[in-house]
Amino acid sequence: MTRYGIIILAVVAILCGPGCGMKSPEDERRLAEKAFKDALSGKDCAREDFLAAEELLMKAREAVNAKKYDEAKKLFLSAKEKADKIAAYVRSHPDECDPKAKKEKGLQRTAGIDDGGISEETLSSKDPNMKFPVIHFEFNEHAVRADDLPLLKIMAEWMLNFPAAAIRVEGHADERGSIDYNMSLGERRAQEVRDELMKLGVDAKRFQIVSYGEERPVASRQNEDAWFQNRRAEFVRTN
Amino acid sequence: MGLHFKYAVVFALLTALCGGTAHAQLKGEVRDGALVAYAIAAPGFVHGGDTTGELARSLTDTLRRDLDLTGYFQVLDDRSFVEAPTVPADKVNFKNWLTVGAKGLVKATLTGTDPVELEMQAFDVAGGKSILHKKYKASAKAIRKAPHGFVRDLVQALAGVRLKFLSSRIAFIEKEAKTYKLMVADFDGADATAIVTSDKILTLPGWSADGSQLFYTAYTTGEPHLYAVDIKSRKVSLISDHPGLNTSASAAPDGKNIALRLSKDGNAEIYLMNLASKALTRLTSNIAIDTAPSFSPDGKEIAFVSNRSGNPHIYRLFVSDPARVERLTDQGKYNQDPDYGPDGHYVAFTGRDEFFMFDIFLFDLQARTISRVTQKQGKNENPSFSPDGTLMVFSSDRTGKNGIWVTNIAGDRQRQIYGGRGEAITPAWSPEVTITQ
């Protein structure tokens, strides 16, 4: 760089101050976007990090549009860092993150993870000792997922076939978020499940609702699959 | 707790205020652009001619920790000291303390074994004058708490401020395997004791207005009911057993009412309960989740969490007109666990940042701005203000396990006060109480 170049740079830096870079951080953008592409297979197994990376990328692009280049540069770098972390996680957890491997191991989310092989195919609503399904939820949500509606239909049939059975619906949350709020979230989930069963013709009086909040996880690891398993409603016969 | 300050007799309080010059001299000074606290030397307590005994060392540690926690002092490293701690208080050569940069000096001597006598004296080094001189006599166990009172009185003498946290306790839940313990410890983590132990879930402790009882939720019957336990007698009484959740009690300053979360009508709402009659007044009416009430110091407002906007955020309601609800936080998507500060200036809360990390934040009620207290130090949750509003306690898993931590408002002085074998969570700071009896 010439001496004049340095002087011009210095002058621009002084005029600009810390709030504005000179030009759009294209290199950082390219690297962040590539890293994000490489992290796509972590969309489900590292969901929280994935959403965070996605948000950072979005914010970085917004910053470019607003000509806040310094800020954009920082955000692209953070997004890349996050995306690299996801990619590393995907590499070290092939069973969890590769959909093919997951299917082979019966770990697919829609089939209900680690529920002892319970699925709509294996349940018989005519069996008095039917093992009850477990209903799962998305983060901070209490609506029943469409994937779980067939399981609830079988549960409702069973309750109609065995009208003397009283059922406690136990609601649970994952470990993230406050203990206080999660108790309500667990309760909402249990209520939502009960309401679905009522819609299918089961008498409201046969249900008891209890929330355990985040106190009784079934999976202890700190990743989306474990959290998904923990965000659940379970059925327990009380008579 | 049952720790009796049996013989606690303060013989003399010779508060020599150095001709009135000492007041308000505890302001930090700015040196090289940084705020410098009042440099204080706290040489080891002397017991039986040296400073190495267990009791002497424990008291020295307590004094230094207290001085540090107040935020007023920079506690000098005793390895730099040139004068032996065994030099009696009336033979101190103040030049020896000027050379190590001390503005203040605390001398302490113990005599006897049980009961023990303790003499403590604080000096203004430059003037060579006594600031505070106190004598205590107590059992070997109770005497360990004497430095708390001394530091409280020292700050009062120097700055005219009463730091209530120096006589307060902290309650929290410790979970280990399948055992839940409702713990109570002094504010510095000392004397941590299980007040209630159960193999059923214990959760969400909150103090009564006078600090004599703890409200908490237990699944003793299988359902989450609200109980109160007397700290001294450990007698447990049932407070609320409506269907659904009975949790999150926050004591009104009048001592007669609590705010709590009930879901007896299906949805989590905040109610006011008269403790004597158990009569309920419903304060929130919304199809969303409303929970985690925290009374303002004047009892007129309650900060709480609601997801009425779609995500959990911090709101406040006005008790005399509960339909008047005001949203406080509009940043982030996940704000919880509000604690209304005792000076009415801040509401502390747990927020989730753009990296999905949980940290402690403050909402400034006047400026209506949010500031961050913890960052890049694991998961930090459940802030609770000290009774003077100068400190907050919270849980953090930064060591790999949840422990109890204390921080100042700025977040630049964070100290762990408790780390047990289990996961220590949901701390609650008591009002000012007497912790020596």
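Structure values in brief
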read-out: Only listed residue being β-branched (Val, Ile, Thr) and within 25 Å of the chain's Cα centre (by Cα), chosen from B:THR203, B:THR220; value: B:THR203
read-out: Of all residues in region B:280-292 being more than 10 Å from chain A (Cβ to nearest Cβ) and not β-branched (Val, Ile, Thr), the one that is surrounded by the most Cβ atoms within 10 Å (Cβ to Cβ); value: B:LEU283
read-out: Residue match in region B:371-381 (condition: within 20 Å of the chain's Cα centre (by Cα), part of a strand (DSSP E or B) and crowded, with 17+ Cβ neighbours inside 10 Å); value: yes
read-out: Residues satisfying the stated conditions in region A:183-207, i.e. within 11 Å of chain B (Cβ to nearest Cβ), farther than 30 Å from B:ILE360 by Cβ and basic (Lys, Arg); value: A:ARG194
read-out: Which numbered condition B:THR407 misses (of (1) in contact with a helix residue (DSSP H, G or I) (Cβ under 8 Å, 6 or more places away or on another chain); (2) in contact (Cβ under 8 Å) with a residue 24 or more places away in the chain); value: (1)
read-out: Selection count, region A:61-73, where residues are part of a helix (DSSP H, G or I) and either at pLDDT below 85 or within 14 Å of chain B (Cβ to nearest Cβ) (or both); value: 6
read-out: Residue count, region A:158-177 (criterion: over 20 Å from the mean Cα position of the chain (by Cα) and either at the interface with chain B (Cβ under 10 Å from one of its Cβ atoms) or over 24 Å from B:LEU202 (Cβ atoms) (or both)); value: 11
read-out: Region B:229-241, residues that are more than 14 Å from B:LEU204 (Cα to Cα) and either touching a Ser or Thr at 6+ places or on another chain (Cβ under 8 Å) or in contact (Cβ under 8 Å) with a residue 40 or more places away in the chain (or both); value: B:ASP230, B:ILE231, B:LYS232, B:VAL236, B:ASP241
read-out: Test: A:ALA32 is more than 14 Å from every other protein chain (Cβ to nearest Cβ) and over 11 Å from A:ALA83 (Cα atoms); value: no
read-out: Output for region B:258-267, where each listed residue is free of Cβ contacts under 8 Å to residues at least 24 places away in the same chain and of a type outside the set (Lys, Arg); value: B:LEU262, B:SER263, B:ASP265, B:GLY266, B:ASN267
read-out: Hits in region B:244-265 - residues which are touching a Phe, Trp or Tyr at 6+ places or on another chain (Cβ under 6 Å) and more than 14 Å from chain A (Cβ to nearest Cβ); value: B:ALA252
read-out: Selected residue (only one of A:ALA190, A:ALA165, A:ALA173 is at pLDDT 95 or above, part of a loop (DSSP other than H, G, I, E, B) and buried (at least 23 other Cβ atoms within 10 Å of the Cβ)); value: A:ALA173
read-out: Test: residue in region B:305-313 that is surrounded by fewer than 24 Cβ atoms within 10 Å (Cβ to Cβ), within 13 Å of chain A (Cβ to nearest Cβ) and more than 22 Å from A:SER211 (Cα to Cα); value: yes
read-out: Of all residues in region A:10-60 being outside any helix (DSSP H, G or I) and closer than 26 Å to B:PHE358 by Cα, the one that is modelled with the lowest pLDDT; value: A:ASP44
read-out: Unmet requirement for B:ALA268, which otherwise passes all of (1) closer than 17 Å to B:HIS225 by Cβ; (2) more than 14 Å from chain A (Cβ to nearest Cβ); value: (2)
read-out: Strands (runs of 3 or more DSSP E) lying entirely in region B:145-228 (those with 3 or more residues that are out of contact with any Ser or Thr (no Cβ under 9 Å at 6 or more places or on another chain), away from chain A (no Cβ under 14 Å) and closer than 26 Å to B:SER294 by Cβ); value: B:193-198
read-out: Qualifying residue in region A:214-225 (condition: over 18 Å from the mean Cα position of the chain (by Cα) and either on the phi > 0 side of the Ramachandran plot or not assigned by TED's automatic domain parsing to the domain that holds A:GLU48 (or both)); value: yes
read-out: Number of the exception - B:GLY389 against (1) surrounded by 16 or more Cβ atoms within 10 Å (Cβ to Cβ); (2) in a strand (DSSP E or B); value: (2)
read-out: A:ASP180 part of a helix (DSSP H, G or I), surrounded by fewer than 16 Cβ atoms within 10 Å (Cβ to Cβ) and within 11 Å of chain B (Cβ to nearest Cβ); value: no
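The values are calculated or read from the model by the stated rules, or taken from the named source; none is laboratory data. Since the model is a prediction, treat every value here as computed from it, not as a measurement. Here Cβ is always computed from backbone atoms with ideal geometry, including for glycine, and neighbour counts include all displayed protein chains.
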